[in-house]
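Okay, structure first, notes after.
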Amino acid sequence: MSGRITIGLDCSTRSTGFGVFEDENLIDYGLIKSEATDWRERLYTQSQALGTLFDVYSPEEIFVEDVPLSPRGGIKTAVMLGAVQGMVYGVGASRRIKMKFILPTVWRSPLGLFDGTKEGKKRDVLKQKSVEKANELFGLNLIYKSPSSKQNCDDISDAILLCYSQIKHRVFGKSIDK
């Protein structure tokens, strides 16, 4: 690999979607998942897989979806999401990789995933649009079946589009029309 490598991550305690770019070209993507019942054990498994991913690609920068914390989520959710971000930060920092945490509204808006309507703000609508946009832009066949389907690939599409939005912003400025 001779170009600039960047990785996008959409992390949770259950799984982590990733997208790897060389310059503006998507070269790898997937989902890191653990079947462990304890969330801490799942994070341990994910941290090992992320370390391997970072070692294989040696990215210059990682873009991670930031978590907008709200009082509705509760203390336990805040602790778990903080642990997820800490895990990612620790794995990346131990390899001296620059990381940037990006709020969902910051990367979704320039890609046209939000249509300005009340319906368009709904999580399930945004997730479906993410899958459709990633498929359109990169010729993929990611799946979105229904809001509760375990076959949905929105973690992967979110990671890809998050990274892509930042690459396009860096290269072309704010507009990301394609």
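For Met99, nonlocal amide neighbours, meaning residues 5 or more places apart or on other chains whose placed amide H falls under 5 Å from its own, are Ile62.
Rounded to the nearest 500, the helix-only mean residue ellipticity at 222 nm of the chain stands at -14500 deg cm²/dmol, with each DSSP H run of n ≥ 4 adding -39,500 (n - 2.57). Couplings 3J(HN,Hα) of segment 106-115, computed from phi: 5, 8, 6, 4, x, 8, x, 7, 10, 9 Hz, in residue order, whole Hz [Karplus 6.51 cos²θ - 1.76 cosθ + 1.60, θ = phi - 60°; x for Gly and Pro]. Taking each of Lys98/Lys122; Lys76/Lys122; Lys76/Lys168; Lys100/Lys145; Lys98/Lys168 in turn, the alpha-carbon distance tops 29 angstrom for Lys98/Lys122; Lys76/Lys168; Lys100/Lys145.
Summing +1 for each Lys or Arg and -1 for each Asp or Glu among the other residues whose beta-carbon sits under 11 angstrom from that of Glu22 gives -3.
Relative to one another, the C-alpha centroids of segment 30-74 and segment 106-171 are positioned 19 Å apart. A Förster distance of 25 Å, applied to the separation of the beta-carbon atoms of Lys145 and Asn25, puts the FRET efficiency at 0.30.
Taking each residue as 0.36 nm, the span from Val125 to Thr77 lengthens on full extension beyond its C-alpha to C-alpha distance by 15.0 nm.
Computed from the coordinates by the stated procedures, all read-outs in this text should not be read as laboratory data. Nothing here was measured: the structure is a model prediction, and the numbers come from that model. Because the Cβ atoms are built from the backbone with ideal geometry, glycine has one as well, and the counts that use them run over all protein chains shown.
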